[in-house]
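My questions all concern the structure below.
The values are calculated or read from the model by the stated rules, or taken from the named source; none is laboratory data. Quick caveat: nothing in here was measured; it's all calculated off a predicted structure. Methodologically, a virtual Cβ is constructed for each residue, glycine included, from the backbone with ideal geometry; neighbour enumeration extends over all protein chains shown.
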């Protein structure tokens, strides 16, 4: 976690690479938030302490970089930082979607996007995101929106996906995060129907090694979720009920993979679950190897695999999951 010493050192940076975020909440006096560098991933979180409704966070950045604020309820917000900048963040705890970041042109552009899409549904928001990407291809905001509204929705995107990627590459050919996204897209393609799942081993809640290709059943269901999802508890209960339907004939194995970073919350939820479901969580969230190699970009998510290790179905809807299990498991 970032210490006071680190903040002081950042403030003394003679190279002009230090940044500072001053934040305030209108209706929250105290609490903790988390923050991480979007380009570096979720392996390192810093803790931000709110006191008297305010907080200060600082660090260094050599170029415009998206940082993600994470609230205890799982809500995430983006702030673009850069060396030499002092940013002002303002929000209300009971209206987290409607936050504002001032102090740079990049954040002003992101503020504008949020205002324009505030009352839109997901499909409408994606269309606006596409417009912003094509109109502002040289902006870090464009790359963030591309990852958030298109890469995370892959493969449920149209041919404009390739056009946007090519446009971004032409405008920002040396952007490291964009290069990383290209690699992520290659991983996403591995999770398409008809392809084999890679050889992967996980550790379950009892510290036993689980081989995704050696479950010993006709079908294997991989389920991805977190405790902080809005319907996390009910989703977990639903998976339990589905397992109970098929456990008698031993045709189906279920491997439940949590993307929680606070492992104790996951352990508390699954400690009394039915014997038979393999519960796994490595605490690495979106940076987990199984998540990357299977192209998981949204939650909840499921992948159904046959005994030859081929992906036969996948999706995000529990109703579609029930239909797929009925279709394949006779």
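Here are 292, 314: which of them is under 18 Å from residue 242 (Cα atoms), in contact with a helix residue (DSSP H, G or I) (Cβ under 9 Å, 6 or more places away or on another chain) and surrounded by 17 or more Cβ atoms within 10 Å (Cβ to Cβ)?
314
Continuing with the same structure: Within the stretch 201-223, is there a residue that is surrounded by fewer than 13 Cβ atoms within 10 Å (Cβ to Cβ), over 27 Å from residue 252 (Cα atoms) and at pLDDT below 90?
Scanning the stretch 201-223, I find no residue that is surrounded by fewer than 13 Cβ atoms within 10 Å (Cβ to Cβ), over 27 Å from residue 252 (Cα atoms) and at pLDDT below 90, so the answer is no.
Could you check the stretch 72-86 and list, in sequence order, the residues that are at pLDDT below 90 and touching a strand residue (DSSP E or B) at 6+ places or on another chain (Cβ under 6 Å)?
76
What about residue 274, is it modelled with pLDDT of 85 or more and in a loop (DSSP other than H, G, I, E, B)?
Considered against the rule, which asks whether it is modelled with pLDDT of 85 or more and in a loop (DSSP other than H, G, I, E, B), residue 274 comes out as no.
Turning to a different aspect of this structure: Is it true that residue 119 is over 21 Å from residue 296 (Cα atoms), modelled with pLDDT of 90 or more and outside any loop (DSSP other than H, G, I, E, B)?
The answer is no for residue 119.
Among 132, 89, 57, 149, which is touching a helix residue (DSSP H, G or I) at 6+ places or on another chain (Cβ under 7 Å), modelled with pLDDT of 95 or more and outside any loop (DSSP other than H, G, I, E, B)?
From the options 132, 89, 57, 149, the qualifying one is 132.
What number of residues within the stretch 40-87 satisfy the criterion of being buried (at least 18 other Cβ atoms within 10 Å of the Cβ), within 16 Å of the chain's Cα centre (by Cα) and under 18 Å from residue 140 (Cα atoms)?
6
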